[in-house]
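First comes the structure, then the notes that go with it.
Throughout, read-outs are computed from the coordinates displayed, never taken from laboratory work. Remember, it's a predicted structure, so these values are computed and weren't measured experimentally. Note: ideal-geometry Cβ built from the backbone for every residue, glycine included; neighbour counts use all protein chains shown.
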């Protein structure tokens with residue numbers, strides 16, 4: 001674009017042509033904003049033609065947005081019936097940041113309802129398919145954003161990550177997904193699931209694009225009380241720096257029985273690649289990892305129970321037409337508006353917060369959370385970053401785990417601890433199973449040390465070819 005070899009309009013046209021070609025199979029989007037996109041592309045082209053100065057990072061680049069981030073004038077539903085017809089009256093902070101950098105908005109992507117799920121099968125609208133095998137799930141809850149990037153239906157995307165919802169689908173679809181440190185990216189305008197865990201992050205085709213996207217969306221925001229006022233580095237600066245001597249920890253707790261053998265094999269091979277690059281491999285312990293899933297599903301459901309109480313049919317969204325009184329309207333609206341997984345989590349959360357159970361469950365889970373964070377703090381005293389599998393399995397078949405919630409919850413067993421501790425984590429492709437499905441490698445870093453995990457991710461990416469592989473959707 002800088003060399004005037006292609007225009008934003010041409011790029012945008014190619015993206016929407018690709019959407020026309022494959023979207024009926026992938027079903028990544030809930031709504032397209034093509035009219036808005038072409039207006040933004042024309043604006044970008046005029047800016048490029050009239051200026052010789054440096055351009056913003058994303059000027060003219062088509063980006064997809066997960067359907068839980070408020071975008072003014074656009075329908076935002078969180079893939080839930082209870083928000084049908086809701087048009088966002090304002091922009092999330094991340095959308096303002098994208099607009100300031102000249103992005104092109106392609107549309108809103110599918111997700112598990114209110115971000116509650118690991119497969120994007122909990123959407124009330126449709127099931128998104130994995131571009132590598134349309135009989136399999138893309139992961140979740142940011143499955144639509146990840147599938148859109150994988151299938152070239154956008155150049156990059158934003159997702160949200162509460163317990164692995166960026167990293168797990170990125171692993172299952174063979175792209176790059178990063179969850180920043182809690183507080184690095186503003187949550188203002190993100191529809192809340194679990195407020196102490198949620199974080200917005202980028203989904204991209206390679207590590208360089210990931211660093212660029214993180215540059216754009218990272219900032220301090222006074223409108224988000226959990227946003228941390230720290231300087232934002234240029235995350236592209238460390239890319240390409242030698243990792244010789246970098247200490248990388250390998251936690252034994254992340255290589256467990258029940259893990260898919262070919263997944264473990266590819267991750268072990270990735271660790272050997274790091275050794276060949278000069279990194280120092282160190283065995284470490286994260287002893288409280290086994291309690292992470294239990295603690296997470298108490299804390300997350302408790303916060304969901306509180307956050308989702310606002311959806312009652314009064315101010316916006318879905319409301320039943322016939323109700324005898326106000327209480328009946330509340331009850332029937334929520335009964336019809338929420339899907340089964342959201343109801344399950346609301347009930348679990350309400351239970352653990354109820355009188356007589358708060359101390360036994362919620363308080364104890366928060367204490368376990370502190371222990372898990374302590375494990376990471378201690379580990380980072382001796383290593384620069386930590387390497388783990390992102391998911392214990394490759395993509396599973398559509399419908400395979402929908403009747404067994406516990407098995408579905410265990411899909412996030414390697415990602416949940418990161419949200420509980422608030423540290424950053426990235427998933428990058430590290431190979432394929434024998435059946436041709438992508439495998440993800442997870443790299444974890446200290447609080448606000450995204451530079452280090454991007455440096456490590458880039459070094460591995462440049463030493464391999466996995467990020468260049470593309471699915472043949474046809």
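Using only the Cα atoms of segment 1-109, build the gyration tensor, take square roots of its eigenvalues as a ≥ b ≥ c, and label the shape rounded, prolate or oblate: rounded if a/c is under 1.5, else prolate if a/b is larger than b/c, else oblate. All intermediate terms of the calculation are to be shown ahead of the outcome.
Details: a/c = 2.86, a/b = 1.52, b/c = 1.88.
Judged from the Cα gyration tensor, segment 1-109 comes out oblate (a/c at least 1.5, b/c at or above a/b).
Where both residues lie in the chain, what percent of DSSP beta bridges are antiparallel, nearest 5? Before the final figure, lay out each step's value.
On the way: 27 of 42 bridges.
Beta bridges within the chain, antiparallel portion: roughly 65 percent.
Between segment 125-171 and segment 1-56, how far is it from one alpha carbon centroid to the other, in angstrom?
So the two Cα centres are separated by 21 Å.
How would segment 250-377 be classified by its alpha-carbon gyration tensor: rounded, prolate or oblate, with rounded meaning a/c under 1.5 and the a/b versus b/c comparison settling the rest?
On the way: a/c = 3.72, a/b = 2.25, b/c = 1.65.
It is prolate, given that a/c is not under 1.5 and a/b is the larger ratio.
Quick one: which of 158-167, 22-31 comes out on top by average Cβ neighbours within 10 Å, and what's the full order, highest first? Numbers along the way, then the final one.
Working: 158-167: 31.2, 22-31: 19.7.
In decreasing order of mean packing, 158-167, 22-31 become 158-167, 22-31.
For the chain, what is the calculated [θ] at 222 nm in deg cm²/dmol (nearest 500), taking -39500 (n - 2.57) for each run of four or more DSSP H residues and dividing by its residue count?
Working: 14 runs with 169 residues, N = 474.
Calculated mean residue ellipticity at 222 nm is -11000 deg cm²/dmol.
Taking other Cβ within 10 Å of each residue's Cβ, how do 378, 364 sort, fewest first?
Numbers: 378 13, 364 16.
Ascending number of Cβ neighbours within 10 Å: 378, 364.
Using alpha-carbon pairs under 8 Å, 6+ residues apart, how would you state the relative contact order of the chain in percent?
On the way: 1139 pairs, mean separation 86.8, N = 474.
Relative contact order of the chain: 18 percent.
With an 8 Å cut-off on Cα pairs and a minimum separation of 6 or more residues, tell me the relative contact order of segment 228-359 in percent.
On the way: 96 pairs, mean separation 31.2, N = 132.
That works out to 24 percent.
Cβ neighbours within 10 Å, averaged per peptide: list 74-80, 214-220 in order, most packed at the top.
Details: 74-80: 24.3, 214-220: 21.6.
Top to bottom by mean Cβ count within 10 Å: 74-80, 214-220.
Using alpha-carbon positions, what is the distance between the centroids of segment 409-474 and segment 177-228, in Å?
What the calculation gives is 17 Å, centre to centre.
Which whole-angstrom value gives the distance between the alpha carbon centres of segment 59-122 and segment 272-349?
Using only Cα atoms to place each centre, the spacing works out to 18 Å.
Taking the number of other C-beta atoms within 10 Å as the exposure measure, put 1, 246, 111 in order starting with the fewest.
Numbers: 1 16, 246 19, 111 32.
With the fewest neighbours first, 1, 246, 111 line up as 1, 246, 111.
Can you tell me how segment 105-145 classifies by the Cα gyration tensor, rounded, prolate or oblate, using a/c under 1.5 as the rounded cut?
It comes out oblate by the Cα gyration axes.
Quick one: of the DSSP bridges fully inside segment 112-268, what percent are antiparallel, nearest 5?
Details: 8 of 8 bridges.
Of all bridge pairs located within segment 112-268, approximately 100 percent are antiparallel.
Could you put 388, 464 in order, starting from the residue whose Cβ has the fewest other Cβ atoms within 10 Å?
Arranged by neighbour count, lowest to highest, 388, 464 become 464, 388.
Can you give the relative contact order of segment 24-120 as a percent, counting alpha carbon pairs under 8 Å and 6+ residues apart?
On the way: 161 pairs, mean separation 37.9, N = 97.
About 39 percent, as a whole number.
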